[in-house]
Amino acid sequence: MGCFATGVAVVTALDKNGTRAGITINSFNSVSLQPPLVLWSIANEAQSFETFATAEHFAVNVLAMHQRDICEQFAVRGGDKFKGLECSEGIAGIPILPEYSAVFECAAEHRYDGGDHVILVGRVLGFDDRKSDPLIFYRGHYLE
């Protein structure tokens with residue numbers, strides 16, 4: 001699948017106790033314009049699987065070209081992924097990264113079994129586009 005260039009995003013949510021969770025993804029896609037639906041998937045074995053599999057809301061923060069460090073910060077297992085970031089609060093208090101190329105604030109709409117992943121479909125409730133160049137990943141490397 002590395003032959004297909006993708007953008008990179010960080011999905012954020014709150015767990016049932018209000019603790020922030022975040023994960024780097026490149027499996028993000030538009031599903032529908034009416035109603036506005038997007039999808040992404042998470043591995044069943046991901047450390048934050050339970051949080052995202054049960055979250056009522058989440059945000060997809062599309063990373064800008066200069067945000068490789070944020071991509072890597074949210075890609076590691078464990079630790080405080082939000083360290084050093086002053087996030088704002090989106091819908092239902094979900095954390096929104098301070099910088100992004102675009103952000104989609106979503107309500108969870110559907111969850112589907114996808115083999116070793118779960119496919120999460122969200123209804124877009126809020127959107128912001130800062131019109132900056134996105135971070136692109138292709139064949140194991142970032143494109144510039």
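Bear in mind these aren't lab numbers, they're just calculated from the coordinates by the rules spelled out. Keep in mind that what you see is a predicted model, and the values were worked out from it rather than measured. Neighbour counts run over all protein chains shown; Cβ positions are idealised from the backbone, glycine included.
Worth pointing out:
- Nonlocal amide H pairs with HIS117, under 5 Å, H built at 1.01 Å: ASN44
- Among (1) 15.2; (2) 8.3; (3) 9.8, the entry that matches mean projected area of the Cα convex hull in nm² as calculated here: (2)
- Residues of the chain were split at every exposed loop site, defined as trypsin sites (Lys or Arg not before Pro) in a DSSP loop with at most 11 other C-beta atoms within 10 angstrom, and the longest piece left, sites excluded, is 17-76.
- Euclidean distance of C-alpha centroids, the stretch 12-34 and the stretch 79-106, integer Å: 10 Å
- Note, ³J(HN,Hα) from phi for the stretch 111-117, Karplus 6.51, -1.76, 1.60, rounded to Hz, x at Gly and Pro: 9, 10, 5, x, x, 8, 10
- Computed over the stretch 1-133, relative contact order equals 28 percent, with contacts defined as Cα pairs under 8 Å that lie 6+ residues apart.
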